[in-house]
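The values are calculated or read from the model by the stated rules, or taken from the named source; none is laboratory data. In this text, all values refer to a predicted model and were calculated from it rather than measured experimentally. We place every Cβ from the backbone using ideal geometry, glycine too, and count neighbours over all the protein chains shown.
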Amino acid sequence: MSTETEPGDVLLTMSGIVKTFPGVRALDGVDLEVRAGEVHCLLGQNGAGKSTLIKVLAGAHQPDGGEIVWQGKPTTLGSPVAALRIGVATMYQELDLVDGLSVAENIFLGHEPNAFGFTRRGHMRAEARKLMRRLGHPEIPVGREVGLLSAAGQQLVSMARALAHDARLIVMDEPTAALAADEVDNLFRVVADLTAEGVAIVYISHRLEEIRRIGNRVTVIKDGRTVASNLDSHTPTAELVNLMSGRNVETVFPHREANTTDSSHEVLVVEGLTRASEFADVSFTVNAGEIVGIAGLVGAGRSEVLETVYGARKADSGTVVVDGKRLRPGNVPAAVAAGVGLAPEERKSQALLLDQSVANNVVLASLPEYSRAGFSDIRRELRDARATLERLDLRPADPRREVRTLSGGNQQKAVVARWLVRDCKVLLLDEPTRGVDVGARAELYRLIHELAASGVAVLLVSSEVPEVLGLSDRVLVMREGRLLTEAPASELTEAAVLDMVMEGSEVMA
Amino acid sequence: MTTLDERVAQNGLVSRLIVRPEIGALIGALAVFVFFSIVADKFLTAAGVATWLDDSATLGIMAVAVALLMIGGEFDLSAGVMTASTALVTAILAVEVGLNVWLALLLSLVFALGVGALNGWIVVRTGLPSFIVTLGTFLALQGLNLGITRLVTNSVQVSGMRSTDGYESAGFVFASTFQVGDTPFQISIVWWLGFAALAAWVLVRTKFGNWTFAVGGSAPSARAVGVPVRRTKILLFMTTAAAGWLVGSINILRFTTVQANQGIGLEFQFIIAAVIGGCLLTGGFGSAIGAAIGALIFGMARQGIVFANWNSDWFMLFLGIMLLGAVLVNNTFRRRAERVRR
């Protein structure tokens, strides 16, 4: 218990924090100063280093360089427990709760009040009740199993746990992402109460409107560095967006030989596509040889649109037409048969059989073509897989190798290869460079260009605005389930797109 | 605010009861009890009750320990053969070496705790699935049981406990009977009920119980708040092994003879009883009382079929239906409870 800091005093100073992972320099000298009793907002594009920074602060990552000063004393945060002990609690988007335990048990897990080895259950429950009351929710029964609470309820439990550890600083990573509007109001009320008691909040959100409502100061991060700090939370959007954009993207986007769009041939026509509470009235077309990119925040409905086109989700209304043929909604085999392929965001869990060979993965979507009388024609599988791997420059080009042993970039190529052996007409790419290191990104970009040049209609989704702009011929901007803008990539700037993506959330509210 | 208020309304006694993990087992036990009370006359007599309670008891002790381990997210396939290994160790030390039975029991307990600790240590050190690790110890113990017994006795059994030092007093503790009216009941029933009550209390009332749920439900989350995940798991394996020793001791003192191939196949009965009692195979959820009730269903069905003069072939059919029924009931109630939270 160290409560010598007064509201307004500097609680935490992180300076020059460096963190490298194999192939990536995630943090390259970040500075962050947090004062007691403030809501300090951390702003930056996806990939700017916010997640790594909060993991360092939570003790989950050890920095390679830099200094952390806590309440005036240089400190190392060697483990999550060490961070908790000095008073830093982190609420990740995926909350760290145990579903099978009760509210009270979760709050005191790991530091149960006990006498002679026995939990003082009555005492624990009374304390838990006190904490829930302090958070404005005395109605949540502390004996209730956490797995049976709503997302908002679970968040409150996580917050109560932070308070039970006597946290002086609580990190909240996009806490409103899973909440309904009234629950957001409640969260903000709780945040206001906490800061009034001198607790500091590090608040991460892409929604500028929220930052203006509850934030005191803003720190902007770009490319693993602090580009601005001590900003007022009412700094105009244009200025914030300017600070965040112009990322020094290490990848050079390969020069596009020529725009290969064949506008006389509309391969994919989507009209009025709607799914309740995900997206509404989405219409667009993709021509043969064209690359169309969808920009937007996570949760704007981008991936959902892609998966609906693919048939993995069933549209409530609207049509998807491929090459003049209307697809049956919610039917993946029909979409695949019509020539649609999807490389999903979570390729390890949603696309690949990690323990199988590259060849098996590549022919997975075309097995009927490779079987004779029910048996696989393994020689032909290997031959075609090898040819495709060479075309994609997948290394090592050994179709017998287990997919698990490949790098992220090469795994992505294996997914793309799956659709190439089928001669697909429409390729849907969801976050194609996620988890792919910088060097391999350029190769993937070149590959996507080549695919377009061969006449494939490419529709891609990315959270990284520069990637969408650098790669696409045409850009669609989505926010809150609506298509806001459609424009040629050459007519858009990064700042303009960021501005559209981030400003407010009034569209569907 | 509306969502939070609705949740309070859902907090009535009935809705709290049906999300308990034991609910399926409880309904099943009542059904089996009523069924056999009707079809078999002897089922409800004092002697009948003593018989099926006895059958449930030794299974129940193990089912409760295995349930704790499963809540902690692990399996122990060596639990069945452990009941024979510990009995053999005790018998060989007492009969062949000539130690006092109490000393033999103590050494046998040390042996069991050692094997349990080894199981746990290998699992937490290597991260291998406990299913595989304990399958290894299961086979190794099975081989040791036969090999050593044959080496020492030139046969596949050890007998002669009755004439050893300390047999009377140890037998009184582990294998005597007590009278209820005119009917003798086995002391193992007391051990079973006592152990189940102790386990239930530890599980819901102590720090260690919280940790057990936490390491099985989400080991990374538990570690992040300072729960000693490895120690908790190793202790759970040791608890299971110790329960195996208790059952082994009850058996050797009651029957005074132990076969080297005893106990094989029982490990699945323990797991089945625990699952009927509401344990999830994935860990983090379950109940000690539920597992005890699961064992009771086993005992009632197995003896009920005998009392009804049916062929015991039908037992497995019955068991399969009970298992599916209990799991379906649990699943249905859980799903409904999870739906109302939205």
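Would you confirm whether any residue within the range B:220-233 is more than 10 Å from chain A (Cβ to nearest Cβ), surrounded by 20 or more Cβ atoms within 10 Å (Cβ to Cβ), out of contact with any Lys or Arg (no Cβ under 9 Å at 6 or more places or on another chain) and modelled with pLDDT of 95 or more? Yes: one or more hits. Inside the range A:333-363, residues that are part of a helix (DSSP H, G or I) and crowded, with 17+ Cβ neighbours inside 10 Å make up a count of 9. Figure legend. Inter-residue proximity from the range B:116-136: first residues assigned to a helix (DSSP H, G or I), second residues of a type in the set (Gly, Ala, Ser), beta-carbon distance below 7 Å, spacing 6+ or different chains. Indicated pairs: B:GLY116/B:ALA241; B:GLY116/B:ALA242; B:ASN119/B:SER78; B:VAL123/B:SER130; B:THR134/B:SER78.
So, A:LYS50, is that one within 27 Å of A:SER462 (Cβ to Cβ), in contact with a His (Cβ under 6 Å, 6 or more places away or on another chain) and not small (Gly, Ala, Ser) or not? When the stated conditions are applied, A:LYS50 does not pass them.
Give the residues of the range B:285-297 that are among the small types (Gly, Ala, Ser) and either away from chain A (no Cβ under 14 Å) or part of a helix (DSSP H, G or I) (or both), sorted by residue number. Listed by number, the residues that qualify are B:ALA288, B:GLY290, B:ALA291, B:ALA292, B:GLY294, B:ALA295. Consider B:LEU281 carefully, then state whether it is within 14 Å of chain A (Cβ to nearest Cβ) and at pLDDT 95 or above. Answer is no for this residue.
Filtering the range A:114-137 for residues that are polar (S, T, N, Q), at the interface with chain B (Cβ under 9 Å from one of its Cβ atoms), out of contact with any Cys (no Cβ under 6 Å at 6 or more places or on another chain) and over 20 Å from A:LEU179 (Cβ atoms) leaves a non-empty set. Looking at A:ALA387, A:ALA397, which one is assigned to a loop (DSSP other than H, G, I, E, B) and surrounded by fewer than 20 Cβ atoms within 10 Å (Cβ to Cβ)? The conditions single out A:ALA397. Among the strands (runs of 3 or more DSSP E) confined to the range A:23-88, the ones with at least 3 residues that are surrounded by fewer than 22 Cβ atoms within 10 Å (Cβ to Cβ) and not aliphatic (A, V, I, L, M) are located at A:24-35, A:65-70. Counting only residues that are surrounded by fewer than 22 Cβ atoms within 10 Å (Cβ to Cβ) and part of a loop (DSSP other than H, G, I, E, B), the range B:263-284 holds 5 of them.
Rundown of residues vs (1) surrounded by 15 or more Cβ atoms within 10 Å (Cβ to Cβ); (2) among the polar types (S, T, N, Q); (3) touching a helix residue (DSSP H, G or I) at 6+ places or on another chain (Cβ under 9 Å); (4) within 12 Å of chain B (Cβ to nearest Cβ), yes/no style:
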position: A:GLN154; (1), (2), (3), (4): yes, yes, yes, yes
position: A:ALA160; (1), (2), (3), (4): yes, no, yes, no
position: A:HIS165; (1), (2), (3), (4): yes, no, yes, yes
position: A:THR176; (1), (2), (3), (4): yes, yes, yes, no
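Every condition in (1) in a helix (DSSP H, G or I); (2) in contact with a Lys or Arg (Cβ under 7 Å, 6 or more places away or on another chain) holds for B:GLU74 except the one numbered (1). In the condition set (1) closer than 26 Å to B:THR282 by Cβ; (2) modelled with pLDDT under 95; (3) in a helix (DSSP H, G or I), B:PRO21 is compliant with all but (3).
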